[in-house]
Amino acid sequence: MGTEIRDLIEKLYQTSLLEEKELLYLLQNYSKEAALLLAQRANEIRLKHYGDKVYLRGLIEFSNYCHRHCKYCGIRSENDKVSRYRLSEDEIINCIDMGYQLGYRTVVLQGGEDIYYTDDRIVALLERIKEKWPQIAITLSIGEKSYAAYKRFFEAGAERYLLRHETACETLYKSLHPHMSYDNRMRCLRDLKEIGYQVGTGFIVGLPGQNAQHLVEDLMFIKSFKPHMVGIGPFMPQKDTPLGNMPAGTADMTTYLISILRLLQGDLLLPATTSLGSIDPLGREKGLKAGANVVMPNLSPIEVRDKYALYDGKICTGDEAAQCRKCIEKRIEKSGYKVDMGRGDHKNFIASIK
Ligand code: SF4
């Protein structure tokens, strides 16, 4: 590793700031040594903000119906090879019940943009969950909605919302998301923040057509937007999509970016994502060591797990929720961290409710 790269990493560590051209240089000069130094520095910052805790969130993938056409996604509406499923309200409640008994105090309700789950149905579901488990933190990840809908969900008890921006380059965004609007995506993110959610965004690493400059745009967007969470994962092709033959992203570049994100915004909640664990059997461990501090084990019923196939080769589709919980706990401890089953709020959010 040259002194220039070393100096850039130290500057990022000391100031949380790099200029665009410096970030570009850092991304274009990946090396194992640079990744190791970045990870060490990122780990120091993560320990400063969140200690050695790793927050577990129970993920419930409640519907794989989606009316969108994202070219990389295995459950896009045009894919007629997918076996579609939708959990009922009762089934979702049962998943949460099981998760609660396993110790989870936060759940992520994720689905495609399914027109069956209208705003009224989502509100009814949230109210039912909150009535039964007032202390549970609910994250929604159900795509683009109106300001009014986001507000209703918030008032009904959802406190967090995940909506990846996918790529901050408008041209690349348009090429991958037919009939969708980049401006509307950004509007959604701004609305969520204004309403008061803990907001998660994120991007895909190694998208076909993506270059280092695009990744710099992602980092600059995050630096200015200041989300509470950022989820990134490598692009993984799904064979029945238009990008099914394209090469996958890499675990190395994804973990490199996790470290950069941790140094750019030290207080982020950063998941070691399932896609990272799918592309590399030790991907989640590598993500944690690179600065991530969240893992989202699956609470969905086993019968539907492999149907939520956004990409091929997804892990953890055959394990009971209790097995997943134990397996991930071991992996976290082996990586040198401790499982935290609490709500796992962003540190500023905790400060604001004290
Ligand atoms: S990425 Fe999301 S919005 Fe796009 S097709 Fe897949 S589930 Fe639907």
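The values are calculated or read from the model by the stated rules, or taken from the named source; none is laboratory data. The model shown is predicted, which means the values in this text are computed figures rather than measured ones. Note that each Cβ is placed from the backbone with ideal geometry, even for glycine, and that neighbours are counted across all protein chains shown. SASA here: full protein model, heavy atoms, side chains in, ligands and nucleic acids out. Shrake-Rupley method; radii C 1.70, N 1.55, O 1.52, S 1.80 Å.
Of all residues in the stretch 84-93, those satisfying the criterion of being within 19 Å of Asp306 (Cα to Cα) and open to solvent by 20 Å² or more (accessible area, probe 1.4 Å) are Arg84, Arg86, Ser88, Glu91. Among the residues of the stretch 334-353, some residue qualifies, meaning at least one is among the hydroxyl-bearing types (Ser, Thr, Tyr), open to solvent by 50 Å² or more (accessible area, probe 1.4 Å), assigned to a helix (DSSP H, G or I) and farther than 30 Å from Glu113 by Cα.
When you look at Glu320, is it modelled with pLDDT of 95 or more, open to solvent by 50 Å² or more (accessible area, probe 1.4 Å) and over 21 Å from the mean Cα position of the chain (by Cα), yes or no? It is false that Glu320 is modelled with pLDDT of 95 or more, open to solvent by 50 Å² or more (accessible area, probe 1.4 Å) and over 21 Å from the mean Cα position of the chain (by Cα). Sub-6 Å Cβ pairs linking a first residue in the stretch 161-179 that is under 19 Å from His67 (Cβ atoms) and touching a residue at least 24 places away in the same chain (Cβ under 8 Å) to a second residue that is among the hydrophobic types (A, V, I, L, M, F, W, C) and part of a loop (DSSP other than H, G, I, E, B), at least 6 apart or interchain, are His177/Cys70, ordered by first then second residue. Criterion applied to Lys286, Lys307 was being charged (D, E, K, R) and surrounded by fewer than 21 Cβ atoms within 10 Å (Cβ to Cβ), and the one residue passing it is Lys307. Listed by position, the helices (runs of 4 or more DSSP H) contained in the stretch 233-331 that have at least 3 residues being under 29 Å from Gln14 (Cβ atoms) are 251-264, 283-289. Scanning the stretch 141-178 for residues that are closer than 23 Å to Ala212 by Cα and basic (Lys, Arg) gives Arg164, Lys174. Is it the case that Lys145 is surrounded by fewer than 19 Cβ atoms within 10 Å (Cβ to Cβ) and touching a helix residue (DSSP H, G or I) at 6+ places or on another chain (Cβ under 8 Å)? Against the criterion (surrounded by fewer than 19 Cβ atoms within 10 Å (Cβ to Cβ) and touching a helix residue (DSSP H, G or I) at 6+ places or on another chain (Cβ under 8 Å)), Lys145 does not qualify. Which count do you get for residues in the stretch 169-199 that are farther than 28 Å from Ile129 by Cβ, away from the ligand (no atom under 16 Å from the Cβ) and touching an Asp or Glu at 6+ places or on another chain (Cβ under 7 Å)? So the count comes out to 1.
Among the residues of the stretch 24-41, just one is buried (at least 17 other Cβ atoms within 10 Å of the Cβ) and charged (D, E, K, R), namely Arg41. Within the stretch 94-113, the only residue that satisfies the criterion of being open to solvent by less than 10 Å² (accessible area, probe 1.4 Å) and out of contact with any Gly (no Cβ under 9 Å at 6 or more places or on another chain) is Leu109. Applying the set (1) of a type outside the set (S, T, N, Q); (2) at pLDDT 95 or above; (3) open to solvent by 30 Å² or more (accessible area, probe 1.4 Å) to Ile302 leaves exactly one unmet item: (2).
You will find that of Tyr161, Tyr116, the residue that is crowded, with 21+ Cβ neighbours inside 10 Å and either within 16 Å of the ligand (Cβ to nearest atom) or part of a loop (DSSP other than H, G, I, E, B) (or both) is Tyr161 and no other. A residue that is modelled with pLDDT under 95, over 26 Å from Pro237 (Cβ atoms), open to solvent by 60 Å² or more (accessible area, probe 1.4 Å) and more than 12 Å from the ligand (Cβ to nearest atom) can be found somewhere in the stretch 126-142.
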